[in-house]
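The values are calculated or read from the model by the stated rules, or taken from the named source; none is laboratory data. Please read these numbers as outputs of a predicted model, since none were measured by experiment. For neighbour counting, all protein chains shown are included, and Cβ atoms are generated from backbone atoms with ideal geometry for every residue, glycine included.
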Amino acid sequence: MNNTKPSFDVDQVARIIEQHKNRPGALLPILHGIQDELSFIPSEVLPVVAKQLNLSRAEVHGVVSFYHHFRTSPPGRNIVQICRAESCQAMGSRNLEAHAKQSLGIDFNQTSIDREFTLLPVYCLGNCACSPAVRIGDVVYGNVDIDTFDQLMHEHSAVAVEVK
Amino acid sequence: MSTSATKVFVPRDTTACSLGADDIAKKAKQIIDSEQLELNLVRNGSRGLYWLEPMLEIETSLGRIAFGPVDEESVDTILRSRCWELLTEFDSILNIELPHFLGLTEEISYLKNQQRICFSRVGIIEATSIEDYNAYGGFVGLTVALEMQASAIVKSVVDSGLRGRGGAAFPTGIKWQTVLDAEAEEKFIVCNADEGDSGTFSDRMLMESDPYSLIEGMIIAGLAVGARRGYIYLREEYPLALKILNEAIELAGDAGVLGENILSSGKVFILEVRLAAGAYICGEETSLLESLEGKRGEIRPKPPLPAIKGLFGKPTVINNVISLASVPGILANGAEAYQAYGVGRSRGTLPFQLAGNIKYAGLVELAFGASLNTLLHDFGGGTRTGEPIRAVQVGGPLGAYLPENQWHTPLDYEEFMKIDAMLGHGGIVVFDSSVNMSEQARFSMEFCSIESCGKCTPCRIGSVRGVEVIDKIRSGIDVEENTVLLQDLCATMIDGSLCAMGGLTPYPVRSALQHFPEDFHVKADSL
């Protein structure tokens, strides 16, 4: 370890670890806790978690990298998930995906230059009765066509974007 | 608001909310307050008639009347009309001329023609109200179970014929018997609420609309096998279900249903929700257990079965949400009553989910034995786009695509296996004539390559090669040779994969090839 100041609040992370570490199978609850509060899991946190749970850093890294939900870099202000699964495909989600990527100027798992939006694929939001479905933060939207999508991006953007 | 006030219902359910139910509830509250109406706003679950959401219901002396899909303007008109005050005789319903009026909710044919057993309370009660749950037969099964020997509870579940509703259809009672017979100081009940199959939402609905039935089912499972602790492994994609389950668990603890002294019996059951982290494979039971233990969700070879060596190495019952939520009814009404529904070895009911390109999408709980045609046409009303239905995928992303000549097949586990298909968790995704089946086959392989846990080679590498070979076929490169190669690859994955992920991914691929071969032959003019 070098001596540079860590990019995260050491006390905050210690508190999250402390809160969960005596639960059986504590690693996932700890990682959720960290991501919920810091919006991502900084790589410098891994050795701290590893030490507290008596695991190797590789084991913690292996878990973080296994799950799609955990991310190791800061996301944009809004996390936008577009469902790519079959029910949404049947209602035109392939076009919606293409439109989203084009209009935001990013691919899946990327963040827009203004850091307003991170675009993620998701495989089913359980909203299959009104496909296509999109989730922004913890809110799910149904029957999302291209116009609705643009409208949603407009509403969620701090910087007004032109709706065509 | 006085409790004697007339109840008005607006659902709190992910899909209803995704169509604006929260805004409708807010609007309704505003009007009730400003007009000082004698109305009590209740957030029920959804009835599952999703093309009618957001739905608004009002209690009357004749039963609940429904309006849907409502918008803020129509809510205003409906509530200001005070129509419920005039309803005293059945005929007076005919005189209601209000926007989106649907009549008595229970008389809507989509609902009336179902056999709602597991979903009997869904959409009727306020999800987290213990009072409502009790009023509609809640905790009767638990009360009965508390008076029974563990082995008698297990026998009841065996006799009911209940099979795992997650998809594998393994007899639930046999699984419980194995755990009961296993000697250990500690045992666990795990609920698999990692409902990842596209086209399925019955677990979500049940957890959001009637969470106590799942909680009650888990407590009974605990009594039956001698487990004192349970976990609900819930997918991260269900934030509302997480909130509602946590509320319900806390309230059940306060009410003395969960915890150190279940209904003053001295029996213990501690329950908590654990959040998954977006890995489809964790719906596979052994992978789920690894994840609960805080590890990568890599599957475990079986044997040992989780019933012998499961969570933290202890005997574990691991069941799907619907399986567990079916148990209280079985105990309350008897195994025979449940067993009376269904056909062959498929007993009871299955909550089917109509999804994708279908006009009337929603939840349809039916006894086994009806045909897919009944669901697609009588309930579903054909496609939403108005084009003919071309293909139907049943049982999630690992289920086969069925062409029209197979839609007469009875919805029965064994009958579906005979046509190389599966009922799975009851999800039905409908595609119209615009679907390209080679594109769907490619997606099946792509999905497997994204979600494979990586433990075994046929799944990890096979799925990647599958995408490549389908791309070649789609581009018209050595089509015949590559089709043989694809079939060979499918056989390897089926025979060589450790779990159902790699073992079943070939089913949608092969069904697409078999039933829709024209989609794999690139037309000369399109090259």
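For the stretch B:1-99, which strands (runs of 3 or more DSSP E) that fit wholly inside it have 3 or more residues that are of a type in the set (A, V, I, L, M) and either out of contact with any Cys (no Cβ under 9 Å at 6 or more places or on another chain) or within 24 Å of B:E208 (Cα to Cα) (or both)? Full working, then the answer.
Working: elements: B:6-9, B:39-42, B:56-60, B:63-67.
Here the list reads B:39-42.
Could you give me the residue pairs with C-beta distances under 6 Å whose first residue belongs to the stretch A:66-95 and is within 13 Å of another protein chain (Cβ to nearest Cβ) and touching a residue at least 12 places away in the same chain (Cβ under 8 Å), whose second residue is small (G, A, S) and assigned to a strand (DSSP E or B) wherever it lies, and which are 6+ apart or on separate chains?
Short answer, once both residue conditions are applied: A:S87/B:A355; A:S87/B:G356; A:A90/B:G356.
For the list (1) crowded, with 20+ Cβ neighbours inside 10 Å; (2) farther than 30 Å from A:D150 by Cα, I need the number of the one condition that A:R15 fails.
(1)
Working only within the stretch B:470-500, note down all residues that are in a helix (DSSP H, G or I) and among the acidic types (D, E).
Initial filter on the stretch B:470-500 (in a helix (DSSP H, G or I)): B:470-474, B:479-496, B:500.
Within the stretch B:470-500, B:D471, B:E480, B:E481, B:D488, B:D495 qualify.
Can you find, within the stretch B:230-242, the residue that is surrounded by the most Cβ atoms within 10 Å (Cβ to Cβ) among those that are more than 9 Å from chain A (Cβ to nearest Cβ) and closer than 22 Å to B:P315 by Cβ?
Residue satisfying both the conditions and the ranking: B:I232.
Which residue is farthest from A:A90 (Cα to Cα), if the candidates are limited to the stretch A:113-132 and must be more than 7 Å from chain B (Cβ to nearest Cβ) and in contact with a strand residue (DSSP E or B) (Cβ under 8 Å, 6 or more places away or on another chain)?
As a first pass, look at the stretch A:113-132 and keep what is more than 7 Å from chain B (Cβ to nearest Cβ): A:113-121, A:132.
Now narrow it down to the ones that are in contact with a strand residue (DSSP E or B) (Cβ under 8 Å, 6 or more places away or on another chain): A:116-121, A:132.
Values: A:E116: 29, A:F117: 26, A:T118: 25, A:L119: 21, A:L120: 19, A:P121: 16, A:P132: 8 Å.
Once the filter is applied, the top-ranked residue is A:E116.
When both residues are 6+ apart or on different chains and their Cβ atoms are under 6 Å apart, which pairs have a first residue that lies in the stretch A:118-141 and is surrounded by 23 or more Cβ atoms within 10 Å (Cβ to Cβ), and a second that is part of a strand (DSSP E or B) and of a type in the set (G, A, S)?
Final answer for the pair search is A:C128/B:A355; A:A129/B:A355; A:A129/B:G362.
Considering the stretch B:86-105 alone, what residues qualify as being modelled with pLDDT under 85 and surrounded by fewer than 13 Cβ atoms within 10 Å (Cβ to Cβ)? Walk me through how you get there before you give the answer.
Step one: filter the stretch B:86-105 for residues modelled with pLDDT under 85, giving B:86-96.
Hits for the stretch B:86-105 are B:T88, B:E89, B:F90, B:D91, B:L94, B:N95.
Filter the stretch B:440-460 for residues that are part of a loop (DSSP other than H, G, I, E, B) and within 13 Å of another protein chain (Cβ to nearest Cβ) and give the result. Can you show your working first?
Residues of the stretch B:440-460 part of a loop (DSSP other than H, G, I, E, B): B:452-456.
Within the stretch B:440-460, B:S452, B:C453, B:G454, B:K455 qualify.
Going through the stretch B:64-91 one residue at a time, which ones are free of Cβ contacts under 8 Å to residues at least 24 places away in the same chain and among the small types (G, A, S)?
Matches in the stretch B:64-91: B:S81 only.
Could you count how many residues in the stretch B:174-195 are crowded, with 24+ Cβ neighbours inside 10 Å and either at pLDDT below 95 or assigned to a helix (DSSP H, G or I) (or both)?
Here the count works out to 3.
Please give the number of the condition B:L214 fails out of (1) modelled with pLDDT of 95 or more; (2) out of contact with any Phe, Trp or Tyr (no Cβ under 9 Å at 6 or more places or on another chain); (3) outside any helix (DSSP H, G or I).
The one condition B:L214 does not meet is (3).
Give me the residue from the stretch B:290-313 that is surrounded by 24 or more Cβ atoms within 10 Å (Cβ to Cβ), over 17 Å from A:H69 (Cα atoms) and out of contact with any Lys or Arg (no Cβ under 7 Å at 6 or more places or on another chain) and, out of that set, farthest from the other protein chains (Cβ to nearest Cβ).
Filtering the stretch B:290-313 for residues that are surrounded by 24 or more Cβ atoms within 10 Å (Cβ to Cβ), over 17 Å from A:H69 (Cα atoms) and out of contact with any Lys or Arg (no Cβ under 7 Å at 6 or more places or on another chain), the one farthest from the other protein chains (Cβ to nearest Cβ) comes out as B:P306.
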